[in-house]
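These notes are about the structure you will find just below.
The values are calculated or read from the model by the stated rules, or taken from the named source; none is laboratory data. Bear in mind that the values here come from a model prediction, so they are computed numbers and not experimental data. Here the Cβ positions follow ideal geometry from the backbone for every residue, glycine too, while neighbour counts run over all protein chains shown.
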Amino acid sequence: MPPPAAPAPVRPAVPPAPGTLRAGIAHPIATLRWLWLAYMTPGQPGRATTQSELRWIYTAWLGAFLLKMLGSSWDVSWHFRWLRDDLAPPHLLNSAGTVVVVALVVFHSYSGYGVDRRALRLMQWGIGAFLIAVPIDILNHRINGLDITSWSPSHALLYIGTAIMLAGAIRGWWLYAAPGRVRDLVALGLWLFFVENVLFPNQHQEYGVLSLEAYDAGRTTAEPQLLDFAASQGQTPAMFMLPVPSWVHPAWLICAGLLSLVLARKIIGLRWTATVIAATYLAYRAVMWLLLVGMDFPPSVLPFVLLVGAVLVDVAVTRRVPGWLAAPVVVGAVYAVAVGQDAVGLLPPWNWWSVLPVAVGFALLWAGVDALDRSRWLVGWTTAEEAVAAEEPVRV
């Protein structure tokens, strides 16, 4: 006779879900235990996920990147006042967001909820690049001393990792969320964080121009220890406050920032997508300006010219103007408005002759986006790449 079959393993009973969000927050240990037992079960990408579950998962993504954005915004202002400190409050705030992101990537990787294989790979590659960049950045500061520039290679790896993981979150949400207002709002939020991450390096010049003016006027916003340390490294205030050529700010704002808004407008499809994201970004920067200056941190200028470009991007995409034709008009308008912002001292130094190469570069990039929009590649990108047939998640 065949031996009796081994009894199937018995899963622990799933405790009841918290009745309300307030109850869940009031009893965090019980909530985490419920989440673990109910959802931390092995599964493949493409696992069936309800719309309610998707909203909770991607709200957590929004919360994680809100923490990271708040921390990074505080961090850049902090570096124009104090010497660098690995355990500075803005670093800790940013790290809290990173911890949540790591937890979410582990959750997606183990359970398969809310992602397809390509979205999951992007999340994994992105957080991997980010975590590799952290010790490299710390070592870079140990070797090179001050190095507060946002344009260093180690910082670039941080931005690239963040952009890749955000691309994964954007893809996962857009593939599985049901069309409607919630889908659009969450997508706008994720794209806002993407654009903020892309534009973040430009904040170095936006803080640096005012910090250098204050230093030259004899009312520096930097602590003496920061200036003394810079001097000991052989750096003048201008070298670390405005460390890159004057063409970098406009070129990056347009060829990276506005290009991201072109992508967001084409993917989300709402008429004023780019305008809403740019206006929300500038409103956030304005609120942070008030909070940081209120805490006696250095101020920055705000790139209001971004909003002009965003409005024109929306108009051009809505009217189906090809990118090679729309881009030079957008660049010309942005530079024209920038002349006025520069006249009142609210813009970092711009190389005005850069308008021609920036217009050509942006036209080529936008034309490339248009070509992708018409290609078979986009069809594959917008189709879920699932590992297995969907399976029903545990319902409680």
Which is assigned to a helix (DSSP H, G or I) and crowded, with 23+ Cβ neighbours inside 10 Å, of VAL186, VAL195, VAL209, VAL182?
VAL195
Which count do you get for residues in the range 56-80 that are charged (D, E, K, R) and either surrounded by fewer than 17 Cβ atoms within 10 Å (Cβ to Cβ) or touching a strand residue (DSSP E or B) at 6+ places or on another chain (Cβ under 8 Å) (or both)?
0
LEU157 vs. criteria surrounded by fewer than 22 Cβ atoms within 10 Å (Cβ to Cβ) and either without any contact (Cβ under 8 Å) to a residue 24 or more places away in the chain or aliphatic (A, V, I, L, M) (or both):
yes
Any residue at all in the range 124-132 that is over 27 Å from MET288 (Cβ atoms), crowded, with 16+ Cβ neighbours inside 10 Å and at pLDDT 90 or above?
yes
Checking the condition buried (at least 20 other Cβ atoms within 10 Å of the Cβ) and either at pLDDT 95 or above or in contact with a strand residue (DSSP E or B) (Cβ under 8 Å, 6 or more places away or on another chain) (or both), which residue from ALA283, ALA338, ALA256, ALA333 passes?
ALA338
Being in a helix (DSSP H, G or I) and either surrounded by fewer than 16 Cβ atoms within 10 Å (Cβ to Cβ) or under 17 Å from the mean Cα position of the chain (by Cα) (or both) narrows it down to one of ALA274, ALA310, so name that one.
ALA274
All but one of (1) at pLDDT 85 or above; (2) hydroxyl-bearing (Ser, Thr, Tyr); (3) more than 19 Å from ALA163 (Cα to Cα) hold for THR41, so report the exception by its number.
(1)
TYR281 meets each of (1) over 18 Å from the mean Cα position of the chain (by Cα); (2) under 22 Å from GLY71 (Cβ atoms); (3) assigned to a helix (DSSP H, G or I); (4) not basic (Lys, Arg) with one exception, condition (1)
Considering the range 339-363, residues that are in contact with a Pro (Cβ under 7 Å, 6 or more places away or on another chain) and part of a helix (DSSP H, G or I), and then whichever is nearest to LEU242 (Cα to Cα), we arrive at SER354
